[in-house]
Structures are given as structure tokens and as C-alpha cells.
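The values are calculated or read from the model by the stated rules, or taken from the named source; none is laboratory data. Owing to the predicted nature of the structure, the values given are computational and were not obtained by experimental measurement. Glycine also receives a Cβ, built like all others from the backbone with ideal geometry; neighbour counts cover every protein chain displayed.
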Amino acid sequence: MVDTLSKTARSERMSRVQGKNTQVEHAARSLVHGLGYRYALHAKDLPGKPDMVFRSRRKVIFIHGCFWHRHRRCKLARLPKSRLTFWLPKLEGNRQRDKRVQRGLTKMRWRYLVIWECQLSDPARLLDKVKAFLDKED
Ligand SMILES: [Zn+2]
């Protein structure tokens, strides 16, 4: 049974979530940019096209919206009460893909850090974390 109305509602919700993701990415990027490290954006040669690539350090940063990437124990990741059958497989799929990507990077001996949307509420703490990640030598 195809319900066209709910289809429209779904795609509207989807595009809102994606728009939010873009905002989160911009906010996180401009924060990290302020630290002064050199990086590239969305390297296509690496698994998962990481959002920020620090090539000489062999490190990447992913910026993840909490809902879209199912941040565990995060209130921003709470699922909508309706349409669980639609959202759950989709969002679970995202999380599985994230895991695959992260395993792939580790195999290639790249380090990764995930910046979560909710961490933007405490920029000082987030920046400490990012600095520690980027400065760490191993
Ligand atoms: Zn979160």
C-alpha cells in the first residue's frame, strides 16, 4: 500500500534533517578552523569521505549529526514516535556504515575522531578534544 501523503511528509522530514546536518558541519568546521591546522575537505580517496582530512598527520574528523548517526545515549538522537519502521532501518544503516568506514580507516592506519552535534554546546571542551587528537603522536 502506497501512501503518497506520508511519502511527502517523510521526504520533508528527511530534507530538514539533512539541512540540519549541513549546519552542524559548518559550525564544527569553523570552530576547528580557528585552531589553525591545515586540512582538506571530503577526501574522496578515503573510506566514508571524511569531513576534514589532516593528511600529513594521517588523521580525519567526521562531523556527525546525533540523530542521523544515532549517537548513543544522546537526547538529540531520540527517535520520532511515528514511522519507526521507516526511520529505524535507515538510521541503523547509517550507523553500520559508519562502523565499516571507521574499520576501513583503521586498517589503512588512519586515525579518526567523530565530532558529535551535541558537543558543539561546549566549544571549549570540544576544541581541547580536537587539539589532543590532532597533536597526539603515535
Ligand atoms: Zn549527541
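Structure values in brief
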{"read-out": "Failed condition for ARG97, given (1) under 23 Å from GLU137 (Cα atoms); (2) away from the ligand (no atom under 16 Å from the Cβ); (3) under 12 Å from the mean Cα position of the chain (by Cα)", "value": "(1)"}
{"read-out": "Residues (of a type in the set (Val, Ile, Thr) and in contact (Cβ under 8 Å) with a residue 24 or more places away in the chain) located in the range 69-118", "value": "VAL101, VAL114, ILE115"}
{"read-out": "Residues that are away from the ligand (no atom under 11 Å from the Cβ) and at pLDDT below 90, drawn from the range 61-89", "value": "LEU79, PRO80, LYS81, SER82, ARG83, LEU84, THR85, PHE86, TRP87, LEU88"}
{"read-out": "Any chance ARG125 is of a type in the set (D, E, K, R), within 16 Å of the ligand (Cβ to nearest atom) and either modelled with pLDDT of 95 or more or surrounded by 19 or more Cβ atoms within 10 Å (Cβ to Cβ) (or both)", "value": "yes"}
{"read-out": "Of the criteria (1) under 16 Å from the mean Cα position of the chain (by Cα); (2) among the hydrophobic types (A, V, I, L, M, F, W, C); (3) part of a helix (DSSP H, G or I); (4) under 23 Å from SER30 (Cα atoms), which one LEU113 fails", "value": "(3)"}
